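Asks: Okay, here's the structure, questions in a sec.
The values are calculated or read from the model by the stated rules, or taken from the named source; none is laboratory data. For clarity, every value in this text was computed on a predicted model and none was experimentally measured. Positions of Cβ are generated from backbone atoms using ideal geometry, with glycine treated the same way; all protein chains shown enter the neighbour counts. The area values use the complete protein model at the heavy-atom level, side chains included, leaving out ligands, DNA and RNA. Shrake-Rupley method; radii C 1.70, N 1.55, O 1.52, S 1.80 Å.
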Amino acid sequence: MAQMAPILPMPPSKTLPEGRYSMMTDTEQDLYPSRQKPRPEWLERRDPVVHGQPGQEPPVDRELIDQFVRDGFVVLEDVFSPEEVKALTREANALRERGGLIPESRISERGMEGADAVRSVFAPHRQSDVFERLAADERLSGLAQFILGDDVYIHQSRINYKPAFRGKDFYWHSDFETWHTEDGMPRMRAISMSVMLTDNHPHSGPTMFMPGSHMNYVTCVGETPDEHYRESLKKQEYGVPDGDSLARLAKLGGIEGPAPKAGSVVVFDCNTMHGSNSNITPYERINAFFVFNAWSNRLRDPFGNTQPRPEFVAHRQVKEPIRALKTLPPFPVGGR
């Protein structure tokens, strides 16, 4: 059985001004530099995968935690009931059709417009009572607190839509590389949770993972342009790993493409290499995606010497950690 790794000491967080920055103190050194050299490098992971204290019982089976430590991802089946999935899907469709309170948060597919071509709606937990409730649900936030060994908050959330026949791919990437370089996330102390709102199928573009890839940090090449997020939310051009590194990771751990049913949750480490193919099938794919970051790992100056991405993409204006909901009222029918 895998042992829980100890918590590493974290430097104190601070309030960030706006603008470009290049100077860092010793406690703000860049442990995971990327997009700085002409060739990619492989760097050693400096953080544990699970930060929970030894002897602390996880909220899921210990075998699932061991699998997460080994592979960098795990699928939890039947987390949400069909009735809950129905309410969540209704609200996801409403956000796609009407948009939310943040107009810029509704991202369409490249070269396509209309409700049937929406790629993502960002920050749904700030635009909908339904998804605010989901983000705080103990089934998600409680597990995040155990894995990260800390209070947690939402670094980023979005509803991902992969419409039938038209859904585009998400190329291979490590989320942490972008969150570190463009957002200023200091350490690998964040996890993603994807709640399946539709049944996945092996041929409809489910997320693929490279098992074990979370233990190596692959740097990327190319200086990040200003306001890169405007293009990267549709198609990422920077922060994309090189082909040789991807081939090496695949040779080491292979590629797995779980296709869980609606109500399942896929949990994966912030540094796990993942991506998905386009969807040319008649089967739509929708998931609610939440990134839980440790409260002690809040954002600082972007390590790529760029301006911070906007609030709806990377949350800095967070007053307090999530308070996990243990008493679970039904999801509200309508959003705010």
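Asks: Answer with yes or no whether R70 is open to solvent by 30 Å² or more (accessible area, probe 1.4 Å), under 30 Å from S245 (Cα atoms), in a loop (DSSP other than H, G, I, E, B) and out of contact with any strand residue (DSSP E or B) (no Cβ under 8 Å at 6 or more places or on another chain).
Replies: Working: open to solvent by 30 Å² or more (accessible area, probe 1.4 Å): yes; under 30 Å from S245 (Cα atoms): yes; in a loop (DSSP other than H, G, I, E, B): no; out of contact with any strand residue (DSSP E or B) (no Cβ under 8 Å at 6 or more places or on another chain): yes.
No, not satisfied.
Asks: Go through the stretch 189-199 and report how many residues are in a loop (DSSP other than H, G, I, E, B) and surrounded by fewer than 24 Cβ atoms within 10 Å (Cβ to Cβ).
Replies: The first filter runs over the stretch 189-199 and keeps only residues in a loop (DSSP other than H, G, I, E, B), leaving 189, 197-199.
Remaining after also requiring surrounded by fewer than 24 Cβ atoms within 10 Å (Cβ to Cβ): 198-199.
Of the residues in the stretch 189-199, 2 are in a loop (DSSP other than H, G, I, E, B) and surrounded by fewer than 24 Cβ atoms within 10 Å (Cβ to Cβ).
Asks: Given the structure, is F176 in contact with a His (Cβ under 6 Å, 6 or more places away or on another chain) and buried (at least 22 other Cβ atoms within 10 Å of the Cβ)?
Replies: Details: in contact with a His (Cβ under 6 Å, 6 or more places away or on another chain): no; buried (at least 22 other Cβ atoms within 10 Å of the Cβ): yes.
No: the conditions fail for F176.
Asks: Scan the stretch 221-238 and give yes if some residue there is buried (at least 20 other Cβ atoms within 10 Å of the Cβ) and modelled with pLDDT of 95 or more, otherwise no.
Replies: The answer is no, given that none of the residues of the stretch 221-238 is buried (at least 20 other Cβ atoms within 10 Å of the Cβ) and modelled with pLDDT of 95 or more.
Asks: Are any residues in the stretch 109-131 open to solvent by 20 Å² or more (accessible area, probe 1.4 Å), at pLDDT below 95 and part of a helix (DSSP H, G or I), and if so, which ones? Show your work before the answer.
Replies: Going through the stretch 109-131, the residues open to solvent by 20 Å² or more (accessible area, probe 1.4 Å) turn out to be 110-116, 125-126, 129.
Of the ones still in play, those that are also at pLDDT below 95 are 110-116, 129.
Once the filter is applied, which keeps residues that are open to solvent by 20 Å² or more (accessible area, probe 1.4 Å), at pLDDT below 95 and part of a helix (DSSP H, G or I), the stretch 109-131 yields A115, D116, D129.
Asks: Can you confirm whether R46 is in a loop (DSSP other than H, G, I, E, B), under 20 Å from the mean Cα position of the chain (by Cα) and surrounded by fewer than 16 Cβ atoms within 10 Å (Cβ to Cβ)?
Replies: Numbers: in a loop (DSSP other than H, G, I, E, B): yes; under 20 Å from the mean Cα position of the chain (by Cα): yes; surrounded by fewer than 16 Cβ atoms within 10 Å (Cβ to Cβ): yes.
Yes, satisfied.
Asks: What do you reckon, is A250 at pLDDT 95 or above and among the small types (G, A, S)?
Replies: Numbers: at pLDDT 95 or above: yes; among the small types (G, A, S): yes.
Taking the combined requirement at face value, the residue satisfies it.
Asks: Out of P211, P186, P202, P206, report the one residue that is under 22 Å from E311 (Cβ atoms) and part of a loop (DSSP other than H, G, I, E, B).
Replies: On the way: P211 fails: under 22 Å from E311 (Cβ atoms); P202 fails: under 22 Å from E311 (Cβ atoms); P206 fails: under 22 Å from E311 (Cβ atoms).
Exactly one residue qualifies, and that residue is P186.
Asks: Would it be correct to say that V195 is aliphatic (A, V, I, L, M), over 15 Å from the mean Cα position of the chain (by Cα) and modelled with pLDDT of 95 or more? First the steps, then the outcome.
Replies: Numbers: aliphatic (A, V, I, L, M): yes; over 15 Å from the mean Cα position of the chain (by Cα): no; modelled with pLDDT of 95 or more: yes.
The answer is no for V195.
Asks: Could you tell me which numbered condition R96 fails, if it satisfies all but one of (1) of a type outside the set (G, A, S); (2) over 30 Å from V130 (Cβ atoms); (3) part of a helix (DSSP H, G or I); (4) open to solvent by less than 70 Å² (accessible area, probe 1.4 Å)?
Replies: In the conditions (1) of a type outside the set (G, A, S); (2) over 30 Å from V130 (Cβ atoms); (3) part of a helix (DSSP H, G or I); (4) open to solvent by less than 70 Å² (accessible area, probe 1.4 Å), R96 misses (2) alone.
Asks: Take A324 and tell me if it is among the aliphatic types (A, V, I, L, M) and open to solvent by 10 Å² or more (accessible area, probe 1.4 Å).
Replies: yes
Asks: Name the single residue that is least open to solvent (accessible area, probe 1.4 Å) among those in the stretch 49-61 being on the phi < 0 side of the Ramachandran plot and over 23 Å from the mean Cα position of the chain (by Cα). First the steps, then the outcome.
Replies: Of the stretch 49-61, the ones on the phi < 0 side of the Ramachandran plot are 49-54, 56-61.
With over 23 Å from the mean Cα position of the chain (by Cα) added as a condition, the list becomes 53-54, 56-57.
Working: Q53: 99, P54: 93, Q56: 78, E57: 140 Å².
Per the criteria, the residue is Q56.
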